[in-house]
1. Considering only protein heavy atoms and a probe of 1.4 Å, how much of the accessible area of region 70-134 is carbon and sulfur, as a whole percent?
2. What ranking, highest mean first, results for peptides 406-417, 429-440, 47-58 when packing means the other Cβ atoms within 10 Å averaged over each residue?
3. Starting from the amide H of Thr180, placed 1.01 Å from N in the peptide plane, find each other amide H under 5 Å away whose residue is 5 or more places distant or on another chain.
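The values are calculated or read from the model by the stated rules, or taken from the named source; none is laboratory data. From a predicted model like this one, the values you see are computed outputs, not experimental measurements. In this analysis, Cβ positions are derived from the backbone assuming ideal geometry, glycine residues included, and neighbour counts consider all displayed protein chains. Just the protein is used for accessible areas: all its heavy atoms, side chains included, with ligands, DNA and RNA removed. Shrake-Rupley method; radii C 1.70, N 1.55, O 1.52, S 1.80 Å.
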Amino acid sequence: MQIRREAVDRSWTMKTISRTIPVVFFLLSFGIVLLTDGGVYPSSLAVAVIFMALALAVAGLLEGLHRETSGLFGFVLVLWLVLIAWTSFQALSLPSGLFANPAWLSLREAGIEAPGRISVVPGDTIASLLPISLPFMTLLAALLLFRSDRQVESALQVFALCGGAFAVFAIVQSVLFPHTLMFAPKTHYIGNLTAPFVNRNTAATFYGLVAVASIVSFALAAASSAHRRGRSSDRQMPRRAWVLLLMALAAVVALALTRSRGGVAASFLGCGALLVTLAIHFAGKKTSLPMQSAGRKAWGRQAALALVTLAVVLVVGSLVFARAILRAEVQAIDEGRLCIIPGIWQAIRDNFILGIGSGSFRFYFPAYRDPDCGLAATWFKAHNFYLDAMLALGFLVSVAMFVAIAAMLLRVYGTGLRRRKSKKPVVLGGIAAILLVALHSFPDFSLQVPGFAMSFALFLGLTATISLNSTDRRSIRNL
């Protein structure tokens, strides 16, 4: 008996160690990125990629694949490898200048000999492999590390709490120290909350995502408390639920202080859709009437509650986001971003199949910039994630990837909506986050900032795992 107990203790200790090591690497990677303005510096980004690679490798060797998410894991891995292979191919010097971008011919006409490549700036294209790889590695590591419902819910709570803590820090710093960004002087977007990023639009998307995570975690905690109250005399909601609610409010306040028009609008739509669907979900669970009567009354109650929730969201949103709304009314639509779109489309048409290589936009686009757009800004990115990808990768490759990703997301979250009735708030949270990020990717480039991209990848990994887990009982056995 003693020998068996010692064997069990030894096995439990080894399992704890095997799980702790990759989690530590995982958290170190996140910490480095979020504490260095979102990982926009090559040195900090490289270190973060190394730590995430270690987390992925150790988790894969010690934990192995999770049966429920192995299909998604394979899809993400193949997509990542294809993207790396294509990006590397764009930077290669091919024999006889095969597939070379016409821009290289301009050098030869000027008497400068250089090997032709698809990429206009091959060095930057190779360097772009790091920010491209980090979110893919984060998603893969999340699928390996967080398997059971309990592990995912704990990770979601940590995500919400840490994001809320960042929001509180950013609010205090924005109010008391407006000329400071994290731990250094602030030189851009003075008067706007941006921490932990440089750009207010990225910060807005991040805090919108944190608000979604906090709302989902609060809904889970409240539902669990209601279930327990139904079986006992305890009538109090758990303290962690109130803390999560406060984190959601902190994220909303931080979002409002960014004054990002696109970020506020996308977050408003994402969070609003989440709140309405959650109201419908929980309203539908409260019925004890006969089947047909219950069905009719449940639909009526759900519709009424959805309308009330939507009205409350609209009223509260108009009050909280008044500054962003005022800015939108005064400045209207950014004419500069609209003005350059025809030039970007022309560049895409001229490089329809092969693209120009990731990281080449700022050097290639000036040749297509309309002089009537003015010289007030230097365009390092397209301010539209989809157009940027089409120009960098080529129209055909980028659209094929978008379609493949959309199909996979539909399968994953469609499965979650059908299968995970008790965990539907998490599935709805994943859908709301995708809506938020997809909408804000039209006027901005948050997904091209490593710190936000890996945060979004983590949230996708957690919500996808919940969606694909078969049953609560089976997922608990994987703990």
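1. The computed percentage sits at 73.
2. Details: 406-417: 16.1, 429-440: 23.4, 47-58: 20.8.
Peptide ranking by packing, descending: 429-440, 47-58, 406-417.
3. Lys186
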